[in-house]
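What follows is a single structure, written as structure tokens, with notes after it.
The values are calculated or read from the model by the stated rules, or taken from the named source; none is laboratory data. Owing to the predicted nature of the structure, the values given are computational and were not obtained by experimental measurement. Neighbour counts run over all protein chains shown; Cβ positions are idealised from the backbone, glycine included.
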Amino acid sequence: MKLDRFISNNTPHSRQAARLLIASGRVTVAGERVCDPRFEVDQFVAINLDEALLQYRPALFFMLHKPVGYLSATSDPEHATVLELFAPELRDELHIGGRLDRSSSGLLILTNDGSWSRRLTEPKVKLPKTYHVTTLRPISSETAERFAAGIYMTTEQLTTSPAKLEQLAEYECRLTIYEGRYHQIKRMFHAVGNQVVSLHRESMGAIQLDPALAPGQYRALTAAEIASVDQASTSS
């Protein structure tokens, strides 16, 4: 949003009066005096008119070690949700970027920045997402080839992007996918005659689940982790 529009929307001043206030040096953005009425501002920057604070809403970015049994939802009448694991003052602020099933665990990202979370989950960005998978039956030698070639999804009538499977044990693998379709990994294994017993997300792009976090714990993302999503988006 242009700075003059922000001032006119959030004060009694008209758009023309807002331009004069800005040009006269009475407006600061993030502590810096700005005299250009067309300066672009977003919802997270601090904006002052003289001594009056018109906006201050810090951007929030968290990783959560999601435990099994919690819904990736803001509220639910029957089941506990991941928001209940956060401090009460944060719950109304946050939304989820890239959900996990109630029976799945691992890395979950929550933020109040909608533009950033859209870049995190945008299909065309092809952000790699890596999971530790345990299956009901032994993982066949052909599974990696089938996943690399793509699995046809009848509901969407499309073929998944090539996925990388690293076999860890007879019933375990590390799987990297580049999409996030509904129950995608479970459906992929079902297509090759197997069944997922447990699913644990280890990473999304360059953001890896912090091994210091126990299930149910969370921490703020680092500046480098936040920036990695923007870098992936611009390079795609």
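Below, the figures for the structure above:
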read-out	value
Matching residues, the range 3-16, being touching a Lys or Arg at 6+ places or on another chain (Cβ under 9 Å) and either closer than 13 Å to residue 45 by Cβ or of a type in the set (A, V, I, L, M, F, W, C) (or both)	3, 7
Among the candidates 72, 105, residue that is touching a residue at least 24 places away in the same chain (Cβ under 8 Å), surrounded by 14 or more Cβ atoms within 10 Å (Cβ to Cβ), assigned by TED's automatic domain parsing to the domain that holds residue 231 and farther than 30 Å from residue 42 by Cα	105
Residue count, the range 43-65 (criterion: touching a residue at least 24 places away in the same chain (Cβ under 8 Å), outside any strand (DSSP E or B) and farther than 29 Å from residue 229 by Cα)	1
The range 168-193: number of residues that are among the polar types (S, T, N, Q) and either outside the structural domain of residue 104 (by TED's automatic domain parsing) or loosely packed, with under 13 Cβ neighbours inside 10 Å (or both)	0
The range 19-42, residues that are without any contact (Cβ under 8 Å) to a residue 24 or more places away in the chain, under 15 Å from residue 53 (Cα atoms) and touching an Asp or Glu at 6+ places or on another chain (Cβ under 8 Å)	22
Answer from 182, 218 - the residue that is under 19 Å from residue 150 (Cβ atoms) and hydroxyl-bearing (Ser, Thr, Tyr)	182
Top-ranked residue in the range 117-137 [being out of contact with any helix residue (DSSP H, G or I) (no Cβ under 8 Å at 6 or more places or on another chain) and either of a type in the set (Lys, Arg) or without any contact (Cβ under 8 Å) to a residue 12 or more places away in the chain (or both); ranked as farthest from residue 160 (Cα to Cα)]	137
Output for the range 104-114, where each listed residue is within 15 Å of residue 58 (Cβ to Cβ) and among the hydroxyl-bearing types (Ser, Thr, Tyr)	111
Per-region count, the range 153-191, residues part of a strand (DSSP E or B) and of a type in the set (A, V, I, L, M)	7
